[in-house]
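The values are calculated or read from the model by the stated rules, or taken from the named source; none is laboratory data. It should be emphasised that the depicted structure is a prediction, and the values quoted were computed from it without experimental measurement. In this analysis, Cβ positions are derived from the backbone assuming ideal geometry, glycine residues included, and neighbour counts consider all displayed protein chains. The accessibility values were calculated without ligands, DNA or RNA, using every heavy atom of the protein model including side chains. Shrake-Rupley method; radii C 1.70, N 1.55, O 1.52, S 1.80 Å.
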Amino acid sequence: LTSAHLPSASNHSFWPEIYANMPIVLGSEPSPYRDTPNPKCFGTVSPLDPQLFSTIVEHAADLLAGRANAKYSPIEVAQWLEDCAAAALQALAKAGKEMGSNVSPEFRRIQEDVLIQNGLGQFFSAKLRSGVLYEIYQQTGDPEAGKLALEQYRKARDYWAAMAKRAQTIYRSNITYGDVPIRQGHWITRLPDIDKDVNAMKAALQSKSNPKGSSPEKAQPAVHSAIQRTHRPFVRCSHTPQSAFQPGQPLSVALNMSDLSAHESPSSVLLYYRHVNQGERWRSIEMERAAGMFGSSIPGEYTNSAFPLQYCFELRRGNSEAWFYPAFNATLSNQPYFAIYKRKW
């Protein structure tokens, strides 16, 4: 459960740095992270991959507008974390049963570290849901959104506290790694800042000051989406990447959907492409439909580069559904894009 799967948590991994709480309520406490967009709060933190993941603020805006977005949302990430934690607990229980009374020190070490990771995952899953709900409240003033946001944050706080108190019996009180403050302390020492932000949310919800209060009629479906399991669209399609590309020549790309009926087929497909260079922005072009295929080309002037190319597809059904191909698999272990290198001759 690393920050690579936490687009709205922090741009920092859990280890060796112990997560310092990023406030949901703006101004409740100083942001511990300098490398985040303004205003510095949990809802605006940039994903590690903004092409594939949306922020809390971005996702809440999509929900309130009834707008489909192919990006993986904070709610989907929360669901992943919940599922991973449940699977890990089930596996630990099974392993413990098989070990019986012959519990080795090696197993105990793994067991405790998995329980800490689970606590972190459960904390962030609830905090991500809280962040989305609180942003919905901020935008609409809907009392149910605010109530559920506080419930989820308190739930997150309790997950953290249970994990930290257990870890107190295992780890030393100061888990040091260098002299940077964020690399000092223990999980339990982070609890007061979490409590401070939870209390700030409670005070904000009880305040007579009215949030923006726009589109309150849209709050209910948005709230429903923020607390339910999500189901990403899927259709049968295929793509065979070329073995290489010739710099300076257009690269033809086709997405095969010949097995789909007219009802199943997406209404449009965008080709997203970029040099394998994180300093560059992604580009996109709408693909053309023809005979069970969607086709397009990456321009020759763009392929004229020393960098390899990467690309993926965004499929849409009007404004109601949007998703990527290739998508992450069930274990989040695959490459969610195609990569192609230039010819060597």
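Listing for the model above:
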{"read-out": "Filter pass, Ser73 being within 28 Å of Tyr273 (Cβ to Cβ), modelled with pLDDT of 95 or more, of a type in the set (S, T, N, Q) and surrounded by 13 or more Cβ atoms within 10 Å (Cβ to Cβ)", "value": "yes"}
{"read-out": "Single residue of Gly96, Gly43 found to be farther than 29 Å from Gly27 by Cα and either in contact with an Asp or Glu (Cβ under 7 Å, 6 or more places away or on another chain) or among the small types (Gly, Ala, Ser) (or both)", "value": "Gly96"}
{"read-out": "Unique match (being in a helix (DSSP H, G or I), touching a residue at least 40 places away in the same chain (Cβ under 8 Å) and closer than 13 Å to Asn21 by Cβ) among Leu128, Leu120, Leu133", "value": "Leu120"}
{"read-out": "Subset of region 177-192 that is open to solvent by 60 Å² or more (accessible area, probe 1.4 Å) and either assigned to a helix (DSSP H, G or I) or touching a helix residue (DSSP H, G or I) at 6+ places or on another chain (Cβ under 7 Å) (or both) - its residue that is farthest from Phe42 (Cα to Cα)", "value": "Tyr177"}
{"read-out": "Region 16-44 - residue that is closer than 14 Å to Val180 by Cβ and not acidic (Asp, Glu) and, of those, modelled with the lowest pLDDT", "value": "Pro16"}
{"read-out": "One residue from Gly146, Gly119, Gly100, Gly131 being of a type in the set (Gly, Ala, Ser) and surrounded by fewer than 17 Cβ atoms within 10 Å (Cβ to Cβ)", "value": "Gly100"}
{"read-out": "Pairs where the first residue, in region 30-45, is without any contact (Cβ under 8 Å) to a residue 40 or more places away in the chain and part of a loop (DSSP other than H, G, I, E, B) and the second is small (Gly, Ala, Ser) and open to solvent by 20 Å² or more (accessible area, probe 1.4 Å), C-beta under 6 Å, 6+ apart", "value": "Pro37/Ser46; Lys40/Ser31"}
{"read-out": "Yes/no for Ala322 being in contact with a Leu (Cβ under 8 Å, 6 or more places away or on another chain), closer than 30 Å to Leu81 by Cα, at pLDDT 95 or above and open to solvent by 40 Å² or more (accessible area, probe 1.4 Å)", "value": "no"}
{"read-out": "Filtered residues of region 244-266 (kept if open to solvent by less than 50 Å² (accessible area, probe 1.4 Å) and not polar (S, T, N, Q))", "value": "Ala244, Phe245, Pro247, Gly248, Leu251, Val253, Ala254, Leu255, Met257, Leu260, Pro266"}
{"read-out": "Region 290-315: number of residues that are surrounded by fewer than 21 Cβ atoms within 10 Å (Cβ to Cβ) and over 20 Å from Pro326 (Cβ atoms)", "value": "10"}
{"read-out": "Residue within region 168-176 that is of a type outside the set (S, T, N, Q), surrounded by 24 or more Cβ atoms within 10 Å (Cβ to Cβ), touching a Gly at 6+ places or on another chain (Cβ under 9 Å) and under 26 Å from Leu89 (Cβ atoms) present", "value": "no"}
{"read-out": "Single condition His224 does not satisfy, out of (1) surrounded by fewer than 12 Cβ atoms within 10 Å (Cβ to Cβ); (2) in contact with a helix residue (DSSP H, G or I) (Cβ under 8 Å, 6 or more places away or on another chain); (3) assigned to a helix (DSSP H, G or I)", "value": "(2)"}
{"read-out": "Flag if Glu286 is under 18 Å from Gly318 (Cα atoms) and open to solvent by 60 Å² or more (accessible area, probe 1.4 Å)", "value": "yes"}
